[in-house]
Amino acid sequence: MLTRRHFAGGGLLLAGAGLRAARADAGVMEIRMLSDEDGSHVGFDPVGLLLQPGQTVRWICVANYHTTTAYHPDNDHHALRIPREAKPWASGVLMPGETFEVTLTVEGVYDYFCVPHEYAGMVGRLIVGKPIGPGSLPFDWFKGHAEGRTWQEVPPEARAVLPSTEEIMDRKRIPAKGF
């Protein structure tokens, strides 16, 4: 898994809200990190996406400030919601025009969140190949297991936003609501 953070030039920044999530180049899928003017409505667009192993995801901060952070115990003891064999990521804070990339090679469900906006429901779900692994299990699957005794649960506000694995498999791309 490779990660990269950089500032996208003026064209991306000026495109702002008109930018659409699309295949940027072979194997790269883009996800916009959005916010309304006052920051009361935030989200990833698309919120759900089907990928093939080896594809790269590029998050683009369009407005406000955001992170993309895998649900993983290495990230502040969050519950494991990515494949066990996958390396977790944490972008750090991205400002408008900045991007972050991850290449996903391990099949499974990858749930992720924005650190400052998780409780506002800024979460997303990726499926790489097949909908398997911890991200495909119920949100509280780890309760009663020794490994999960210190893990933070996915908050109800985030659970309500994540599309089902069935919906992602059927539609391939689930746009954010309200943007």
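The values are calculated or read from the model by the stated rules, or taken from the named source; none is laboratory data. These numbers were taken from a predicted model, which means no experiment stands behind them. Note that each Cβ is placed from the backbone with ideal geometry, even for glycine, and that neighbours are counted across all protein chains shown.
Just to verify a result, which residue in the stretch 65-94, among those that are touching a Phe, Trp or Tyr at 6+ places or on another chain (Cβ under 9 Å) and of a type in the set (Phe, Trp, Tyr), is farthest from Lys143 (Cα to Cα)?
So in the stretch 65-94, the residues touching a Phe, Trp or Tyr at 6+ places or on another chain (Cβ under 9 Å) come out as 66-73, 75, 77-83, 86, 88-89, 91-94.
So of that shortlist, the ones also of a type in the set (Phe, Trp, Tyr) come out as 71, 89.
Working: Tyr71: 16, Trp89: 24 Å.
This residue is Trp89.
Of the residues Pro134, Pro88, which single one is touching a residue at least 12 places away in the same chain (Cβ under 8 Å) and either touching a Lys or Arg at 6+ places or on another chain (Cβ under 7 Å) or farther than 25 Å from Val62 by Cα (or both)? Spell out how you get there, then give the answer.
On the way: Pro88 fails: either touching a Lys or Arg at 6+ places or on another chain (Cβ under 7 Å) or farther than 25 Å from Val62 by Cα (or both).
Going through Pro134, Pro88 in turn, just one is touching a residue at least 12 places away in the same chain (Cβ under 8 Å) and either touching a Lys or Arg at 6+ places or on another chain (Cβ under 7 Å) or farther than 25 Å from Val62 by Cα (or both): Pro134.
Phe113: in contact (Cβ under 8 Å) with a residue 12 or more places away in the chain, in contact with a helix residue (DSSP H, G or I) (Cβ under 9 Å, 6 or more places away or on another chain) and at negative phi, yes or no?
On the way: in contact (Cβ under 8 Å) with a residue 12 or more places away in the chain: yes; in contact with a helix residue (DSSP H, G or I) (Cβ under 9 Å, 6 or more places away or on another chain): yes; at negative phi: yes.
It is true that Phe113 is in contact (Cβ under 8 Å) with a residue 12 or more places away in the chain, in contact with a helix residue (DSSP H, G or I) (Cβ under 9 Å, 6 or more places away or on another chain) and at negative phi.
Evaluate the following for Leu162: is it part of a strand (DSSP E or B) and modelled with pLDDT of 95 or more? Walk me through how you get there before you give the answer.
On the way: part of a strand (DSSP E or B): no; modelled with pLDDT of 95 or more: yes.
Considered against the rule, which asks whether it is part of a strand (DSSP E or B) and modelled with pLDDT of 95 or more, Leu162 comes out as no.
Residue under question is Thr165, and the condition is that it be surrounded by 14 or more Cβ atoms within 10 Å (Cβ to Cβ) and free of Cβ contacts under 8 Å to residues at least 60 places away in the same chain; does it hold?
yes
Surrounded by fewer than 18 Cβ atoms within 10 Å (Cβ to Cβ) and among the polar types (S, T, N, Q): which single residue out of Thr103, Thr99 fits that description? Show your work before the answer.
Values: Thr99 fails: surrounded by fewer than 18 Cβ atoms within 10 Å (Cβ to Cβ).
Criteria check complete, one pass: Thr103.
Identify, by number, the condition in (1) surrounded by fewer than 18 Cβ atoms within 10 Å (Cβ to Cβ); (2) in contact (Cβ under 8 Å) with a residue 12 or more places away in the chain; (3) of a type in the set (Lys, Arg) that Arg81 doesn't meet.
(1)
Report, by residue number, each residue of the stretch 115-137 that is farther than 20 Å from Asp170 by Cβ and not charged (D, E, K, R).
Within the stretch 115-137, the first condition is being farther than 20 Å from Asp170 by Cβ, and the residues that meet it are 115-122, 134.
Those that are farther than 20 Å from Asp170 by Cβ and not charged (D, E, K, R): Val115, Pro116, His117, Tyr119, Ala120, Gly121, Met122, Pro134.
Restricting to the stretch 31-86, name every residue that is charged (D, E, K, R) and either closer than 28 Å to Gly178 by Cα or not in a loop (DSSP other than H, G, I, E, B) (or both). Write out each step before concluding.
The initial filter retains those residues of the stretch 31-86 that are charged (D, E, K, R), namely 32, 36-38, 45, 58, 74, 76, 81, 84-85.
Arg32, Asp36, Glu37, Asp38, Asp45, Arg58, Arg81, listed by residue number.
When the residues of the stretch 126-177 are narrowed to those that are within 24 Å of Val115 (Cβ to Cβ) and of a type in the set (D, E, K, R), which ends up nearest to the chain's Cα centre (by Cα)?
Restricting to residues being within 24 Å of Val115 (Cβ to Cβ) and of a type in the set (D, E, K, R), the top hit is Arg159.
Taking the residues in the stretch 119-148 that are surrounded by fewer than 18 Cβ atoms within 10 Å (Cβ to Cβ) and basic (Lys, Arg) as candidates, determine which candidate is modelled with the lowest pLDDT.
In this case the residue turns out to be Lys143.
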